[in-house]
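Q: Starting off with a structure, shown below.
The values are calculated or read from the model by the stated rules, or taken from the named source; none is laboratory data. Because the structure is predicted, anything quoted here is derived from the model rather than measured. Cβ placement follows ideal geometry from the backbone for every residue including glycine, while neighbour counts extend to all protein chains displayed.
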Amino acid sequence: MASNRPEVLAEVRAVFARYEEALVGNDVAVLDELFLDSAETIRYGISENLYGIAAIRAFRNARPAQGLARTLEDTVITSYGDQMAIASTLFRRDEAPGKIGRQMQTWIRTATGWKVAAAHVSIIDAPA
């Protein structure tokens, strides 16, 4: 299996950037489009464990649209073959000084494009 083929990384970087733009802009339609439409899709959040696309959609639709701006750091995208990739990033929000967020997404290629099949978001105290 060829890892980190440039053309695959470019595709995943582009869809990851689209996801980030939709996230901070609270574009629920795009966020929904970029998650795998499956009962097996999982999103572990800061205070929620979401199993299945229905639960993820309900969370997205109920989430406040304020305070979503953030800056990313140390983003790493690794592809495995041309069907799967993992995106890992750190993030900071101005309204959460002293904290650092962590996000990981497992992206898979589908007939309709790259989709998040699993995601994890957490926030910890920033290392000294």
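Q: When region 38-53 is examined, which residues are found to be more than 18 Å from residue 20 (Cβ to Cβ), surrounded by fewer than 16 Cβ atoms within 10 Å (Cβ to Cβ) and of a type in the set (A, V, I, L, M)?
A: In the first step, residues of region 38-53 are kept if they are more than 18 Å from residue 20 (Cβ to Cβ); the result is 38-42, 44, 47-53.
Then keep just the ones that are surrounded by fewer than 16 Cβ atoms within 10 Å (Cβ to Cβ); that gives 38-40, 44, 47-49, 51-52.
The answer is 39, and nothing else.
Q: Among (1) under 21 Å from residue 112 (Cα atoms); (2) surrounded by fewer than 17 Cβ atoms within 10 Å (Cβ to Cβ); (3) among the β-branched types (Val, Ile, Thr); (4) touching a Lys or Arg at 6+ places or on another chain (Cβ under 8 Å), where does residue 56 come up short?
A: Going through (1) under 21 Å from residue 112 (Cα atoms); (2) surrounded by fewer than 17 Cβ atoms within 10 Å (Cβ to Cβ); (3) among the β-branched types (Val, Ile, Thr); (4) touching a Lys or Arg at 6+ places or on another chain (Cβ under 8 Å) one by one, residue 56 breaks only (2).
Q: If you don't mind, there's one more thing I want to ask. For region 105-128, name all the residues that are free of Cβ contacts under 8 Å to residues at least 60 places away in the same chain and surrounded by fewer than 16 Cβ atoms within 10 Å (Cβ to Cβ).
A: 111, 112, 124, 125, 126, 127, 128 - these are the residues of region 105-128 that are free of Cβ contacts under 8 Å to residues at least 60 places away in the same chain and surrounded by fewer than 16 Cβ atoms within 10 Å (Cβ to Cβ).
Q: Mind checking which helices (runs of 4 or more DSSP H) fall wholly inside region 1-64 and carry at least 3 residues that are within 21 Å of residue 122 (Cβ to Cβ) and under 11 Å from the mean Cα position of the chain (by Cα)?
A: Values: elements: 6-24, 28-34, 53-62.
Qualifying helices (runs of 4 or more DSSP H): 6-24.
Q: Something else about it: Take the residues in region 90-100 that are part of a strand (DSSP E or B) and over 12 Å from the mean Cα position of the chain (by Cα), then tell me which one is surrounded by the fewest Cβ atoms within 10 Å (Cβ to Cβ).
A: Filtering region 90-100 for residues part of a strand (DSSP E or B) gives 90-92, 99-100.
Okay, now just the ones that are also over 12 Å from the mean Cα position of the chain (by Cα), so 92, 99-100.
Details: 92: 16, 99: 13, 100: 17.
In this case the residue turns out to be 99.
Q: Just to check your reading of the model, which residue among 58, 118, 22 is touching a helix residue (DSSP H, G or I) at 6+ places or on another chain (Cβ under 7 Å) and aliphatic (A, V, I, L, M)? Give the steps one after another, and end with the answer.
A: On the way: 58 fails: touching a helix residue (DSSP H, G or I) at 6+ places or on another chain (Cβ under 7 Å); 118 fails: touching a helix residue (DSSP H, G or I) at 6+ places or on another chain (Cβ under 7 Å).
Among 58, 118, 22, only 22 is touching a helix residue (DSSP H, G or I) at 6+ places or on another chain (Cβ under 7 Å) and aliphatic (A, V, I, L, M).
Q: Among what's in region 67-83 and is farther than 18 Å from residue 108 by Cβ and charged (D, E, K, R), pick the residue that is surrounded by the most Cβ atoms within 10 Å (Cβ to Cβ). Let's see the steps before the verdict.
A: If we filter region 67-83 for residues that are farther than 18 Å from residue 108 by Cβ, which is where we start, we get 67-75.
Still in the running and charged (D, E, K, R): 70, 73-74.
Values: 70: 19, 73: 11, 74: 10.
The extreme case among them is 70.
Q: Moving to a separate point now. Quick check: is even one residue across region 112-125 modelled with pLDDT of 95 or more, assigned to a strand (DSSP E or B), farther than 26 Å from residue 5 by Cα and aromatic (Phe, Trp, Tyr)?
A: no
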